[in-house]
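*Asks:* Here it is, the structure in full.
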Amino acid sequence: MATSPTDPAQVAAALEAHGYLPNDRIAQVVFLAERLDKPVLVEGPAGVGKTELAKTLAAVHGRPLIRLQCYEGLDEAKALYEWNYRKQLLRLQADRGREWDEVEADIFSEDFLLARPLMRAITAPSPVVLLIDEVDRVEVETEALLLEILSDFQVSVPELGTISATSRPLVILTSNNTRELSEALKRRCLFLHIGYPTVERERQILLTRVPDLPETLADGVARLVRSIRSFPLRKPPSVSESIDWASALLALGVDEVDAAVAVDTLHVLLKYQADIDTVAKDLADVDGQ
Ligand SMILES: Nc1ncnc2c1ncn2[C@@H]1O[C@H](COP(=O)(O)OP(=O)(O)OP(=O)(O)O)[C@@H](O)[C@H]1O
Ligand SMILES: [Mg+2]
């Protein structure tokens, strides 16, 4: 998609052409983000296509994807920039005898700066997609740093002054909601909740993601996964697990999921023995009726 989309349907078609099947809300929010030039904060359970949305948007626009993976302890040096001390040291050794003022101006120039994802995203020669993944994992102070960049699109380096954006990235932030994000961050973003897909959309996702999957198997898996999600489970199955399950059943030569097949392969779908036991018991009961 070379130009800006004219409506959400165009966004949906472009995403679908790249293998991502959005619901109406996803298409609408992405459309608005591009129109209003705002970051999107995507929130929702694990494995529902949050990260994949950013990756697919990069593919749709033919833009590079720059990813900042957040974790506890992520700091400015890893998110923004740091000085290349090794290179500075080498230059200092080579420059013995020169005036300090001269050397200082030299080693604190852009040549000695190591740009990290946020800096790379705003100084890229053409616009990129910036994915700030799992933002709920960083401390509140680091969140403030992200905010500054997202609102001003500039970075100030004390030794160099202000570095302004040469291009404005399309920014996608994702969160698993492990902690409450600041109001300030939320205010700057368009909010998008991605939940589990409907049976029909999950069926289509399975058919898109699992080559050679028969329609009946896709349908059976989508329906069963949907009902399994309504159980009181420690970790309900995500879309990625449902894809794994469909692939596994296909590999095992199964063409229909009945209760016996499901019980025999539940460990592909569920990641806790207690969850497997809960679902297996229910399926066995149904089977026995
Ligand atoms: N709407 C969709 N269309 C196509 N594929 C999808 C869709 N939603 C999810 N998927 C598939 O599910 C997989 C998992 O998605 P993704 O890694 O984006 O999850 P996530 O929400 O970022 O999870 P986590 O919170 O664990 O990081 C993707 O690789 C993709 O194959
Ligand atoms: Mg993710």
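Readers should treat all values here as calculations from the given coordinates under stated rules, not as data from a laboratory. Predicted model only: the values in this text are computed from it and were never measured. Every residue, glycine among them, receives a Cβ derived from its backbone with ideal geometry; neighbour counts consider all protein chains shown.
*Asks:* Only Cα pairs within less than 10 Å get springs; with that Gaussian network setup on the chain, which residue of 133, 219, 277 has the largest fluctuation?
*Replies:* Its mean-square fluctuation being the largest, the pick is 277.
*Asks:* Okay, next question. For the chain, modelled as a GNM with alpha-carbon contacts under 10 angstrom, which of 228, 66, 107 fluctuates the most?
*Replies:* Greatest mean-square fluctuation among the candidates belongs to 107.
*Asks:* Residues with amide H under 5 Å of residue 190's amide H, sequence separation 5 or more or different chain, H placed in the peptide plane at 1.01 Å from N; which?
*Replies:* 40, 41
*Asks:* Another question, then. Do any of 186/235; 50/186; 50/235 go past 19 Å between their Cα atoms, and which? Walk me through the intermediate numbers first.
*Replies:* Numbers: 186/235 27 Å; 50/186 17 Å; 50/235 17 Å.
Over 19 Å Cα-Cα: 186/235.
*Asks:* Arranged from highest to lowest average of other beta-carbon atoms within 10 Å per residue, in what order do the peptides 85-98, 181-194 appear? List each step's numbers first, then the result.
*Replies:* Details: 85-98: 11.6, 181-194: 15.5.
Descending mean neighbour count gives 181-194, 85-98.
*Asks:* Here is a follow-up. Within 13 Å, Cβ to Cβ, of residue 81, how many net charges do the neighbouring residues add up to if Lys/Arg are +1 and Asp/Glu are -1? Spell out each step's value before the answer.
*Replies:* Values: positive: 78, 116, 120; negative: 75, 76, 82, 110, 111, 159.
With Lys, Arg at +1 and Asp, Glu at -1, the neighbours total -3.
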